[in-house]
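Worksheet: the structure to be examined is printed underneath.
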Amino acid sequence: MKVRQISIFLENRSGRLAGVLRAVANSGVNIRALSLADTSDFGILRLIVDDVDRCVNGLRDTGHTVSLTEVLAVEIPDQPGGLAGVLEKLSAANLNVEYMYAFVCRATEKAMVVFRFEAIDEAIVALQKAGISIVPAEKVYTL
Amino acid sequence: MFNPQDEARPIPELRNLQGERLRALVARAYANVPFYRAKLEAHGVAPEDIRGIDDIVKLPFTVKGEFREQYPFGMFAAPMAEIVRIHASSGTTGKPTVVGYTKADIDNWAECAARSLACGGATAEDIVQIAYGYGLFTGGLGMHYGAERLGAAALPMSAGNTEKQIMLMQDFGVTVLCCTPSYALQIAEVAEQMGVDLKKLPLKCGLFGAEPWTEAMRRHIEDLLPLKALDIYGLSEVAGPGVANECLEQHGLHVFEDHFYPEIIDPETGEPLPDGEEGELVFTGLTKEGVPLIRYRTRDLTMIYADGPCPCGRTGRRIARLTGRTDDMLIVRGINIFPSQVEDVLVSIEGVKPQYLIVVDRQGNLDTMEIKVEISEELFSDEVKKLEGLRDKIQHQIRVMLNISAKITLVEPKTIERSLGKAKRVQDLRKLTGQKGVES
């Protein structure tokens, strides 16, 4: 159920993001979700793709700095208050979210939120207890 | 020891030999090089004033600029019929400095390069991988002739094509590596990517030089490669690599004083300094025929150790690891900074690789210093706060150790220009606006 997310270091220079995405494209991998964290000096691009290993190899071969992180994808009703409700439950369970990003899934008409937790295993237990459905990794990769 | 008679010569005998050789050198230069004749006359010194090595202080200094003005062959004391090789230094500004070697010059240089290899314990049994550039630069050919003189097998790789270097290092069972210290680190980096465990190779020593490096970098290299990392010194004007080399004591570089006479001077006043005091290194090439060299100011800062004889038995005095150059010392907001200090700080932080570039600029009237540091996969995190924490830690350490605040920029791996020859560590943009500044 843990989803493998690829993070890539980006210098804050024009053309860097395009370069990374070209490398992803050349490895023949399709992006399922992404988010970009940026500071004044550098950025971190986070990707969920359909073929993690191929993507990582393609990026490393082209000289990019890559790390793999485990995240959780959670399905949320695509309606007002959907995300707020989930976050309240996480807060009640004392779970720290490092960062998160959301996207809407056409197939299920539901919203999908990717969470990076400090303590992923505790998060899984807490989410299950709270009745929040965690999307299996395979399903996320093939969305 | 390759040549115990010359390397362990008793000091009084050595000084006599140096005196004799200096007399002959000055006579040769005066007779054959109009530049030296004019200089000695202007200085009021005649060749007969030189009777022993102590008279060397009567002679005027030679500086790089003068060498360059004599481009191409103005410094040559021997006719082209006797010159068998020409090297030229990598002039970053203007014309290069050109050095011609006679057969005897090449022989003496090969002898000193062989002594250098023997300083690291190399013998005729060894395979010496020479990953210094071959060409006008003296590194490759200098070590090549030294290896052959020693009777070892020279493997003339030149710099670059790192994967092939590693393949042959592994397949041939290379035991001695000669390259720049930053290239040694690059070899280690690429070997790791290739999945080659260098620790399993039969390497025993490495002679690293042609750029300033630090004790921290030595430890880093010795961590990654199963060898004793030794410092070698040389410059084309004096000969090339093999002017001085560390022995296995790793405490200073023995100067091969029967050929190269070292002095330390105050760079401001030109006054000779006693052993034990730091200043600018000056060399006289006692046996040189092609290009006689009298009191050449190297612009390298170091000192001659005054702590007694070396346990290895060599009597040539030892110069300390170079702390910097009179011309690559940066003055930023009135603070003297050497790139080697920045490097020391970086290497002391866990996981940081010493790949960096110092960029100095001026905004308004204020100098700014930026240090670009390459990120590595082991340091990279998907969390912004961790990367910012790393950046802040580097900044803090620089402030504590160097007393200056610098902007730290994390950059992508392999984006800082790699050295096949010498690493570029400083970019001084101040001089573009007419301000005083230097580039190394």
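Taking every residue in B:381-392 and counting other chain Cβ atoms within 10 Å of its Cβ, the average works out to 5. Over all Cα pairs of chain A, how is the pair count split among 10 Å bins, expressed in % and running from 0 up to the last occupied bin? Spelled out bin by bin, chain A gives 11, 40, 33, 15, 1 percent. Each peptide in A:119-132, B:133-146 was scored by the mean count of other Cβ atoms within 10 Å over its residues; highest first, the order is B:133-146, A:119-132. Exposure proxy ranking for B:64, B:393, B:288, based on other Cβ atoms within 10 angstrom of each Cβ and starting from the fewest, stands as B:393, B:64, B:288.
Rounded to the nearest 5, what % of DSSP beta bridges with both residues in the protein assembly as shown are antiparallel? Let's see the in-between values first.
Details: 72 of 97 bridges.
The answer is about 75 percent antiparallel.
When both bridge partners sit in the stretch B:167-256, DSSP labels roughly 40% of those beta bridges antiparallel. The aspartates and glutamates whose alpha-carbon is closer than 14 Å to the alpha-carbon of residue B:288, local same-chain residues fewer than 8 away aside, are B:20, B:82, B:105, B:107, B:111, B:237, B:257, B:258.
Can you tell me the orientation of helix B:339-348 relative to chain B, as the angle in degrees between its alpha-carbon axis and the longest Cα principal axis, to the nearest 10? Taking Cα atoms only, the helix is inclined about 40 degrees.
Once the convex hull of the C-alpha atoms of the stretch B:1-325 is built, how many Å³ does it hold per residue, rounded to a whole number? Spell out each step's value before the answer.
Numbers: hull volume 41.1 nm³, N = 325.
Measuring per residue, one finds 126 Å³ for the Cα hull of the stretch B:1-325.
Counting only helical runs of four or more DSSP H residues, what would the 222 nm mean residue ellipticity of chain B come to if each run contributes -39,500 (n - 2.57) and the total is spread over all its residues?
Numbers: 11 runs with 136 residues, N = 440.
Estimated from H runs of four or more residues: -9500 deg cm²/dmol.
Taking every alpha-carbon pair in the stretch B:330-433 and binning the separations at 5 Å intervals from zero gives 2, 12, 23, 25, 19, 12, 5, 1 percent.
Computed from the C-alpha gyration tensor, the three semi-axes of the ellipsoid equivalent to the stretch B:1-66 are 27, 13, 10 Å, from longest to shortest. Separation of the alpha carbons by more than 29 angstrom is noted, of B:200/B:386; B:228/B:385; B:164/B:200; A:2/B:385; B:386/B:407; A:110/B:386, for B:200/B:386; B:228/B:385; A:110/B:386. State, as an integer percentage, the relative contact order of the stretch A:71-141 based on alpha-carbon contacts under 8 Å between residues 6 or more apart. Value for the stretch A:71-141: 42 percent. Any chance you could give the angle, 0 to 90 degrees and rounded to 10, that helix B:34-43 forms with the longest Cα principal axis of chain B? Between the helix axis and the principal axis of chain B, the angle is about 80 degrees.
When both the stretch B:301-337 and the stretch B:130-202 are represented by their alpha-carbon centers, they are found 27 Å apart. Remark: relative contact order (the stretch B:25-184) = 17 percent; criterion is Cα-Cα distance under 8 angstrom and separation of 6 or more residues.
Shielding by partners for A:57-70, please: the mean number of other protein chain Cβ atoms within 10 Å of each residue's Cβ. Walk me through the intermediate numbers first.
Working: counts 0, 0, 0, 2, 0, 0, 4, 5, 12, 3, 7, 1, 3, 0.
Per residue, the average neighbour count from other chains is 3.
Taking every DSSP beta bridge that has both ends in chain B, the antiparallel portion is near 60%.
Summing Cβ point charges (Lys, Arg +1; Asp, Glu -1) relative to the Cα centre of chain A gives a dipole of roughly 280 debye. Of the cross-linked pairs B:39/B:64; B:64/B:204; A:89/B:393, those separated by over 25 Å at the C-alpha level are B:64/B:204; A:89/B:393. Against chain B, whose longest principal axis comes from its Cα atoms, helix B:138-150 is set at around 70 degrees.
Per residue of A:3-13, count partner chain C-beta atoms within 10 Å of its C-beta, then hand back the mean as an integer. Intermediate results must be reported in sequence, preceding the final value.
On the way: counts 0, 0, 1, 1, 4, 3, 12, 1, 7, 3, 3.
Averaged over the peptide's residues, the number is 3.
For the stretch B:203-310, the ratio of Cα radius of gyration to the globular rule of thumb 2.2 N^0.38 Å stands at 1.13. Under the convention that each Lys and Arg Cβ holds +1 and each Asp and Glu Cβ holds -1, the size of the dipole of the stretch B:333-424 around its Cα centre is about 320 debye.
Remind me, relative contact order of chain B in percent, using alpha carbon pairs under 8 angstrom and six or more residues apart? Could the numbers behind the result be given before it?
On the way: 912 pairs, mean separation 59.2, N = 440.
Relative contact order here is 13 percent.
About its Cα centre, the dipole of chain B is roughly 740 debye, where the only charges are +1 on Lys and Arg Cβ and -1 on Asp and Glu Cβ.
One quarter of the surface of the convex hull around the alpha-carbon atoms of the protein assembly as shown equals 31.6 nm², the direction-averaged projected area. Near residue B:170, once Lys and Arg are set to +1 and Asp and Glu to -1 for all other residues with Cβ below 13 Å from its Cβ, the sum equals 0. Packing, taken as the mean count of other beta carbons within 10 Å per residue, orders the peptides B:108-115, B:294-301 from highest to lowest as B:108-115, B:294-301.
A short reminder: the numbers here are calculations on the coordinates, not readings from a lab. Everything quoted here is computed from the prediction, not taken from an experiment. Glycine also receives a Cβ, built like all others from the backbone with ideal geometry; neighbour counts cover every protein chain displayed.
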